[in-house]
Amino acid sequence: MLKTEVTLRTPTDMALHLAEKCKRRRLFERLSRKTLARLSDVPEETIKRFEQSGRISLESLLKIAFALNALVPFGPLFDLPPARSMADLEKMTEKPLPQRGRR
């Protein structure tokens, strides 16, 4: 599998990168925007806007990912980082995470 190094500096860069990858996946699957809209229950115009500008709601993005069988990579998105030391491990098992942030 070919891996490319991607340097993304801003959320806008990431949105455009994801939009391009989504479009490539859609075309790889030989789907028109209209067909993807039907499969994902996301309006065709929303898909077009996403592919051109990177702008989309999270719900619509997840619906499209599901329709393209690409939802699994979203699962670990906000996982806690792995422990890098015994102190980190102790901190993670010591007490539960707070329900709210402090600031």
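Structural remarks
- Computed E for L18/L80 - FRET, C-beta separation, R0 22 angstrom, nearest 0.05: 0.45
- Prolate/oblate/rounded label for the range 35-103 (Cα gyration tensor, a/c 1.5): prolate
- Choice from S60, S85, S32 showing the highest fluctuation, given a GNM over the chain with Cα pairs closer than 10 Å: S85
- Seen through its C-alpha gyration tensor, with square-root eigenvalues sorted a ≥ b ≥ c, the range 11-74 comes out rounded because a/c lies under 1.5.
- Lys pairs, the chain - Cα-Cα below 14 angstrom, 8 or more residues apart or on other chains: 5
- Mean sequence separation of contacting Cα pairs (under 8 Å, at least six apart), scaled by the length of the chain, corresponds to a relative contact order of 21 percent.
- GNM result for the chain, Cα springs below 10 Å: residue of F78, F28, F66 fluctuating most strongly: F78
- Just checking the listed ones, P11, P73, P82: in the Gaussian network model of the chain with Cα springs under 10 Å, the one fluctuating most is P82.
- Rounded tilt (10° steps) of 58-67 against the dominant C-alpha axis of the chain: 70
No value in this document is a laboratory result; all are computed from the given coordinates. None of the values given here were measured: they were computed from a predicted structure. Cβ coordinates were reconstructed from backbone atoms using ideal geometry, including for glycine residues, and neighbour counts include every protein chain displayed.
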